[in-house]
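The values are calculated or read from the model by the stated rules, or taken from the named source; none is laboratory data. Model, not experiment: these values are computed from the prediction. Because the Cβ atoms are built from the backbone with ideal geometry, glycine has one as well, and the counts that use them run over all protein chains shown.
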Ligand SMILES: Cc1cc2nc3c(=O)[nH]c(=O)nc-3n(C[C@H](O)[C@H](O)[C@H](O)COP(=O)(O)OP(=O)(O)OC[C@H]3O[C@@H](n4cnc5c(N)ncnc54)[C@H](O)[C@@H]3O)c2cc1C
């Protein structure tokens, strides 16, 4: 670990390197134990240098964005966690193509597209993740998903930075090749359609009003807890199983939208995980349907 720290200190400023950093500060659930080392690179060189140093020392590493789809367990994450945030977040437009770096929030990317009079990312404006996390998850809402307009992405994969086309990203429902194979999305390009900025803004306002109306946005969560099972809606199954409001300490199946687990009070990751298992078991027993978490569960319990 000391060799890794030396290398990071040679690559970056001291304030980009945090030791024993509580992951509760980097997740929207606001739970999660410490990361041994939390590093916030500001360039592709710093990012790849950090990974090379970790791999040379046999130290495990993972990347996080806004932590809006993460359940980090209570003993935290061993090794190196790379946080891609606003230091890694440029956005640029050339013609109808928009390029954004991984740390830019999806809200800012879609606002930039709107202000530029480019349509196609309205659906993403209320998703509280980063561009990198969104591309890795193939984030989507209201009938749109990032794979619809992604041209290509710069991805660190198999030890080198490479450009993967939309087809090579192999983006499915909340899954992509970088997510499956441990690649890091550094930036992505999107093909958008010119439109009146006011019309785009109107659509964004309408979708975000629908979101506020249906989702429990006033409590910490990681969005939809489970993927949509083939032929069903997770929230409807959970509600029909009588699980709305079911709680383990302050972790609760949302009263407003059963597809969300929220923290309404004191709850750590173990409580949220216990509730996930209760919901999975009861839905399986009642309907024979397996609910697969959409939330990524990481770290040590
Ligand atoms: C209130 C709320 C509403 C939500 N609504 C939606 C919605 O409508 N649609 C939807 O799809 N999701 C939704 N989500 C979930 C979440 O916002 C998305 O999955 C988002 O894309 C995750 O981005 P992130 O930056 O927070 O990623 P994180 O949660 O930090 O990471 C998620 C996964 O992506 C990986 N990852 C992160 N960054 C990168 C990168 N640069 N390269 C490669 N892998 C990376 C991580 O290792 C992890 O496996 C919602 C969440 C909340 C809290």
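Quick rundown of the values:
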| read-out | value |
| --- | --- |
| Search result, residues across region 115-126 that are surrounded by 24 or more Cβ atoms within 10 Å (Cβ to Cβ) and not in a strand (DSSP E or B) | 121, 122, 124, 125 |
| Which listed residue is more than 20 Å from the chain's Cα centre (by Cα), outside any loop (DSSP other than H, G, I, E, B) and at pLDDT 95 or above, from 78, 93 | 93 |
| Region 70-99, residues that are away from the ligand (no atom under 11 Å from the Cβ), within 30 Å of residue 297 (Cβ to Cβ) and buried (at least 24 other Cβ atoms within 10 Å of the Cβ) | 80 |
| Per-region count, region 248-287, residues in a strand (DSSP E or B), more than 23 Å from residue 232 (Cα to Cα) and without any contact (Cβ under 8 Å) to a residue 60 or more places away in the chain | 2 |
| Residue in region 142-156 that is outside any strand (DSSP E or B), crowded, with 24+ Cβ neighbours inside 10 Å and not assigned by TED's automatic domain parsing to the domain that holds residue 49 present | yes |
| Only listed residue being free of Cβ contacts under 8 Å to residues at least 12 places away in the same chain, closer than 21 Å to residue 112 by Cα and not assigned by TED's automatic domain parsing to the domain that holds residue 275, chosen from 160, 180, 205, 189 | 205 |
| Enumeration of residues in region 288-301 that are over 12 Å from residue 238 (Cα atoms) and either touching a residue at least 40 places away in the same chain (Cβ under 8 Å) or not assigned by TED's automatic domain parsing to the domain that holds residue 225 (or both) | 292, 293, 294, 295, 296, 297, 298, 299, 300, 301 |
| Of all residues in region 191-206 being out of contact with any strand residue (DSSP E or B) (no Cβ under 7 Å at 6 or more places or on another chain) and under 14 Å from residue 144 (Cβ atoms), the one that is surrounded by the fewest Cβ atoms within 10 Å (Cβ to Cβ) | 206 |
